[in-house]
Ligand SMILES: [Zn+2]
């Protein structure tokens, strides 16, 4: 910003009025701050630029018609939602995931400087199913512990019905979306390691090459050769949407583009958790 001003001053002969510096005090800013304090900012993470009306219609219905909601567009895929009622705002901030046209709408409460804070929209809620658990592991405590590989677990849900694939746990997890989606994790019980698999419910579009949300393989920065090869192993992680959920399929036709083992080890966060004992 300071450089911009220097550039402007160098390229123009400014008049006295233009050179005048107007100071902003708390009195002038208080109204704006008050309004912003009752707002949430939302970033749509994805390559498609959402239009204002589409976003407004979506949030109005998805958030249950909050009273006096107003929506302002702050830039491409960046919106401000003024939600005057505290209860509505808390409920929305604690809810989600909000998925609009297969893209994730990531919310955060307003704070001064949020527009310029690169990390403001790094955490998003996602529903994570945990599969391949022995039946006696189906408990909230186990879910909470397995969920420690995510930023935070808000809740653990135990679906009461098991289908042909058996039973699973469901985590309402806060996920760091700058990192590849975790495909699973390893738990250890009495010295024996076991792989548990994660499936993401209503998962927004993500990159099959690197496993991150928000871009496609075509614009993936991971490249296609050498050390920057495929890290989201397509042999194990071809996903398709069937019967209302993402399922992982064997995909033998897909080649791993020269991905070296080193990259896989760096990117694959396999965390071994100790269960049992205490
Ligand atoms: Zn990618």
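Please treat every number below as a calculation from the coordinates, not as lab data. Given the structure is predicted, the values throughout are model-derived calculations rather than measurements. Using ideal geometry, Cβ is built from the backbone for each residue, glycine included, and neighbour counts are taken over all protein chains shown.
See the values below:
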| read-out | value |
| --- | --- |
| Over segment 1-153: Kirkwood hydrodynamic radius from C-alpha pairwise inverse distances, Å | 18.9 |
| Exposure proxy ranking, count of Cβ atoms within 10 Å, fewest first, for 39, 30 | 30, 39 |
| Neighbour-count order for 145, 43, fewest beta carbons within 10 angstrom listed first | 145, 43 |
| Sequence-separation-based contact order of segment 68-169, relative, with Cα cut under 8 Å and 6+ spacing, percent | 17 |
| Computed label-point distance, nm, for sites residue 94 and residue 53 using a 7 Å Cα→Cβ extension | 3.5 |
| Residues residue 118 and residue 31, FRET efficiency given R0 of 25 Å [Cβ-Cβ distance, rounded to 0.05] | 0.35 |
| Distance (nanometres) between label positions extended 7 Å along Cα→Cβ at residue 73 and residue 60 | 1.6 |
| Which of 65, 137 has the fewest Cβ neighbours within 10 Å, and the rest in rising order | 65, 137 |
| Rounded to whole Å, sorted largest first: equivalent-ellipsoid semi-axes of segment 103-158, Cα gyration tensor | 32, 11, 9 |
| Mean Cα-pair separation over length for segment 1-119, i.e. relative contact order, pairs under 8 Å, 6 or more apart, % | 31 |
| Percentage, to the nearest whole number, of Cα pairs in segment 39-121 over 17 Å apart | 40 |
